Amino acid sequence: MSITTLAFILLSVMAVGSAIMMILSKSPVHSILWLILVFFAISGHYLLLNAQFLAIVNLIVYAGAIMVLFLFVVMLMNLNADTEPVKNYRLQLIGVISGGSLLLILIATIMKIDVEQLVQMKVGDEGLIKQLGKTLFSHYVLPFEISSVLFLSAMIGAVVIGKKD
């Protein structure tokens, strides 16, 4: 068994185990922490697929920014069991039906997968940051610059809105 296969198995067990713990956790804060661990495992899978840029962006954007925002929102909401709303059994039934439908679709999709079309690990340089940078700054310079001006104007707008009179 190669190191790549062993790393894939360990990352997969970590991702699935953390996802199960995220669902089963009673505390919303603990669920968010388990979800952050899932994002770390997914970033490890991106590294195994030779997509370093996606791995770093996944860590910075999802695990770093969005999950910290979720964590602060949940902590500021101060969820107590005393103020918990009454559970609607119709919504639970709709959730079970939706989840069962999703499960059937996933099973049907898995049954149609060809074994010969597996992803090859560490092949090519398409996921490398160097190749992405060359493509971005040679073929897509104008959209990149337009998006940078859009982000700059959004930052200036946020500063103006947040500024006190």
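The values are calculated or read from the model by the stated rules, or taken from the named source; none is laboratory data. Computed from a predicted structure; not experimentally measured. For the accessible areas, the whole protein counts, side chains as well, though only heavy atoms, and no ligand, DNA or RNA atoms are used. Shrake-Rupley method; radii C 1.70, N 1.55, O 1.52, S 1.80 Å.
Using a 1.4 angstrom probe on heavy atoms only, work out the carbon and sulfur share of the accessible area of the chain in %.
Here it works out to 74 percent.
Let me check against my output: what whole-number percent is the relative contact order of the chain, with C-alpha pairs under 8 Å and at least 6 apart?
21 percent
If the cut-off is 26 Å between C-alpha atoms, which lysines fall inside it for Lys130, apart from same-chain ones fewer than 8 positions away?
Filter leaves Lys122.
So what is the calculated 222 nm ellipticity per residue for the chain, using -39500 (n - 2.57) for each DSSP H run with n of 4 or more, over all residues, to the nearest 500 deg cm²/dmol?
Mean residue ellipticity, 222 nm, calculated: -23500 deg cm²/dmol.
Mind ranking Tyr89, Tyr140 by accessible surface for me, highest first, 1.4 Å probe?
Solvent-accessible surface, decreasing: Tyr89, Tyr140.
Rounded to the nearest 10 Å², what accessible area does Ile113 have for a 1.4 Å probe in the complete protein model?
Per-residue accessible area (Ile113): approximately 100 Å².
Keeping every protein chain present and rolling a 1.4 Å probe, give me the accessible area per residue for the chain in Å².
82 Å²
Of Ile42, Ile94, Ile23, which has the most accessible area with a 1.4 Å probe, and how do the rest follow in descending order?
The residues order as Ile23, Ile94, Ile42, largest area first.
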